[in-house]
Each structure stands twice: as C-alpha cells, then as structure tokens.
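What follows is a single structure, written as structure tokens, with notes after it.
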Amino acid sequence: MGEQNEKKHCLKCLLREMDKEAYMENLYDYIQRLEEDIKADQALYEERLSVCKACDYLEAGMCRACGCFVELRAVIKNNVCSYKKW
Ligand code: SF4
C-alpha cells in the first residue's frame, strides 16, 4: 500500500474545527455527490441563486431567514425559499 498524500475531507468535523477553505471545499463536494434525481436542474439552480443574490436576506452565502447556505438549499429540487421567493 502506497503512502497517501492526498488530502481527505473530514466528514465528522464541526465547522469550528475546519479552516474556511476546507469547509467550502466540503460544501461543493457535497453538492457534487448528491443524487442527480434530487437535484434541481442547472437552469432552475441558477434562477434560484439569482433571486437569492438580489435578496436582502443574503449575507456571505447564507440566508438570514432560514440559516442555510443558499447554494445548498437551492440545489435540492424540492426545497423552497422560506419567503416564497422561489
Ligand atoms: S432563500 Fe429566499 S429569503 Fe433566503 S436569501 Fe434566498 S431568496 Fe432570500
């Protein structure tokens, strides 16, 4: 067995235990790994994110209304915006 130099993501770390860069990588990996049939299609995803971008509740990628990262919330087809904006 060869030496493993590849950085592994920690699946059991709390946010406070990760550096910001690792945390964001984990989020995007998580989105990538979601089952395609529960994901919104790309057009719907982008449309939702453009609504969030124009929303006063968006702050640093998070929705202050629901506490979610909007990119994670919007990627799930059956999710809705708490304020019915999408
Ligand atoms: S999820 Fe809804 S309330 Fe939250 S930032 Fe997006 S549009 Fe605004």
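The values are calculated or read from the model by the stated rules, or taken from the named source; none is laboratory data. Fair warning: this is a prediction, and the values are worked out from it, not measured in the lab. Glycine gets a Cβ as well: all are built from the backbone with ideal geometry, and neighbour counts include every protein chain shown. For accessibility, only protein heavy atoms count, side chains too; no ligands or nucleic acids. Shrake-Rupley method; radii C 1.70, N 1.55, O 1.52, S 1.80 Å.
Extending 7 Å from Cα along the Cβ direction at Leu34 and again at Ala60 yields two label points whose distance is 2.3 nm. Loop-located GluC sites (Glu not before Pro) in region 9-86 (DSSP state other than H, G, I, E, B) with a sparse environment of at most 11 neighbouring Cβ atoms within 10 Å: Glu35.
Viscosity 1.306 mPa s, temperature 10 °C: Stokes-Einstein D of the chain from its Kirkwood Cα radius, in µm² per second? After rounding, the answer is 110 µm²/s. The stretch between Ala22 and Asp41 holds 4.2 nm of extra length on full extension. This uses 0.36 nm per residue minus the Cα-Cα distance. Close amide-amide hydrogen proximity is noted between Ile76 and Ala40, each under 5 Å apart and 5 or more residues distant or on a separate chain (H modeled in the peptide plane; Pro and chain starts excluded). With both labels modelled 7 Å from their Cα along Cα-to-Cβ, the Ile76 to Ser50 distance reads 2.5 nm. Across region 37-86, Cα-Cα distances exceeding 17 Å account for 21% of all pairs. Against the longest alpha carbon principal axis of the chain, how many degrees, from 0 to 90 and to the nearest 10, is the axis of helix 20-33 turned? So the inclination is approximately 80 degrees.
Summed over qualifying helices (DSSP H, 4 residues or more, each -39500 (n - 2.57)) and divided by its residue number, the chain shows a 222 nm mean residue ellipticity of -11000 deg cm²/dmol. Of the solvent-accessible surface of region 37-86, computed with a 1.4 Å probe over protein heavy atoms with every protein chain present, carbon and sulfur atoms account for 53 percent. Entry comment: accessible area of region 37-86 is 66 Å² per residue, from protein heavy atoms only and a probe of 1.4 Å. For the residue pairs Lys12/Lys85; Lys20/Lys53; Lys53/Lys77; Lys53/Lys84; Lys39/Lys85, the C-alpha atoms sit more than 24 angstrom apart in Lys12/Lys85.
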